[in-house]
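Student: I'd like to ask some things about the structure below.
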Amino acid sequence: MRKLIIAIDGPVGSGKSTVARRVAELLGYVYLDSGAMYRGVGWKALRDHVPLDSEDSVAALVAALARATRIDLVSSDGGFRVLVDGTDVTDQIRSAAVAQAASKVAVIAGVRAVLVAEQRRAAGSGGAVMEGRDIGTVVFPDADLKIFLDASVEVRAERRRLEYAQKGESLEFSEVLKEVRQRDRRDRERAVSPLVRARDAVHLDNTAMSAEETARLIVFLAHEREAAAKAEARQA
């Protein structure tokens, strides 16, 4: 039986990356981090001193940069490394500066067209878990299981602050909360592929749930979808 394509969408700090990785591990699926791809382009734009605050004037430039960029997600010790044009940038792309750059390049239609095509190619015919902000609405509108993961903005900001702290960046909670609210607004109001819940997505609020609890609930839902598909196949 064909393996599922699982799409997990949600705002920043909802735990998408951690949960998606764990779901893929539990199911034996491939994990595809769409955010890492946008961060890779953002990192390269910063490296090349592209003025991202001048969005309209540099859109074509950034889209061309994306087309000329090769991004590889390479499995490594239970996780993956991110290579941009052969350079390992796994650690660099997790900085606050690159996160901001990624959110800016992600609103550019030309960039999204390049990376969406790559994401579809990477997922193949199934057996993949992908997370992002438009996976269930744009990248894989026919995904077998769609999840919209969310949590309160305060909890999401604290998760984000802890992520930065683990990477040696000490930021005040108020500063991170402001960043998260700005990111939410940018993601939901952008003209290209805004963050919205797909109509057939399962809404999961994990404000009071651990990443492990969230992942195991999604795996349960995946097994339900698999069982339903098998039942339909027998009846056909």
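Student: For region 8-135, what relative contact order do you get, as a whole percent, if you take Cα pairs closer than 8 Å and at least 6 residues apart?
Tutor: 43 percent
Student: So if the hydrodynamic radius of region 3-109 is defined as the Kirkwood radius over C-alpha pairs, what does Stokes-Einstein give as its diffusion coefficient at 10 °C and 1.306 mPa s, in µm² per second?
Tutor: 108 µm²/s
Student: Once both labels are modelled 7 Å past Cα along the beta-carbon direction, what's the A113-D48 spacing in nm?
Tutor: 1.7 nm
Student: What's the extension gain from D72 to T207 if we count 0.36 nm per residue and subtract their Cα-Cα distance?
Tutor: Here the segment from D72 to T207 would lengthen by 45.4 nm.
Student: Moving to a separate point now. Which ³J(HN,Hα) values, rounded to whole Hz and listed in residue order, are derived for region 131-148 from phi using the Karplus coefficients 6.51, -1.76 and 1.60 in 6.51 cos²θ - 1.76 cosθ + 1.60 with θ = phi - 60°, glycine and proline given as x?
Tutor: Listing the rounded values in order: 10, x, 10, 9, 5, x, 9, 10, 5, 10, x, 9, 4, 5, 9, 10, 10, 10 Hz.
Student: For region 111-120, in order, what is each residue's ³J(HN,Hα) by Karplus, 6.51 cos²θ - 1.76 cosθ + 1.60 with θ = phi - 60°, in whole Hz (x at glycine and Pro)?
Tutor: So the Karplus estimates, Gly and Pro as x, are 5, 5, 4, 5, 6, 5, 4, 5, 5, 5 Hz.
Student: Here is a further query. Kirkwood Rh over Cα pairs of region 103-205 into Stokes-Einstein at 20 °C, 1.002 mPa s: D in µm²/s?
Tutor: Estimated via Stokes-Einstein, D reaches 141 µm²/s.
Student: Normalised by the residues of the chain, what does the relative contact order come to in percent, with Cα pairs under 8 Å and at least six apart?
Tutor: Details: 369 pairs, mean separation 77.5, N = 236.
Worked out over the chain, it gives 33 percent.
Student: Pull up all non-local amide H partners of Y31: gap of 5 or more, or a different chain, and H-to-H distance under 5 Å with H placed in the peptide plane.
Tutor: The answer is V129.
Student: Greater than 27 Å separation of Cα atoms is the criterion. Which listed pairs, K146/K178; K3/K167; K3/K104; K44/K167; K104/K178, meet it? Provide the component values of the computation, followed by the final result.
Tutor: Details: K146/K178 29 Å; K3/K167 35 Å; K3/K104 34 Å; K44/K167 20 Å; K104/K178 16 Å.
In this structure, K146/K178; K3/K167; K3/K104 lie more than 27 Å apart at Cα.
Student: Here's a follow-up. Counting only DSSP beta bridges with both residues in the chain, tell me the antiparallel percent, nearest 5.
Tutor: Counting DSSP beta bridges with both partners in the chain, the antiparallel share is about 30 percent.
Student: Using only the Cα atoms of the chain, what do you get for the radius of gyration and for Dmax, in Å?
Tutor: My reading of the Cα-based Rg and Dmax gives 17.5, 59 Å.
Student: Using a 1.4 Å probe, what is the accessible area per residue for the chain, in Å²? Provide the component values of the computation, followed by the final result.
Tutor: Working: 11370 Å² over 236 residues.
I get 48 Å² per residue for the chain.
Student: Quick check: pseudo-label points 7 Å beyond the Cα along Cα→Cβ at A97 and R188, how many nm apart are they?
Tutor: 3.0 nm
Student: Output ³J(HN,Hα) for region 21-26: one whole-Hz value per residue in order, computed from phi by the Karplus curve 6.51 cos²θ - 1.76 cosθ + 1.60 with θ = phi - 60°, and x for Gly and Pro.
Tutor: 4, 5, 4, 4, 5, 5
The values are calculated or read from the model by the stated rules, or taken from the named source; none is laboratory data. Fair warning: this is a prediction, and the values are worked out from it, not measured in the lab. Because the Cβ atoms are built from the backbone with ideal geometry, glycine has one as well, and the counts that use them run over all protein chains shown. Protein only, heavy atoms only, side chains kept; ligands, DNA and RNA dropped before computing areas. Shrake-Rupley method; radii C 1.70, N 1.55, O 1.52, S 1.80 Å.
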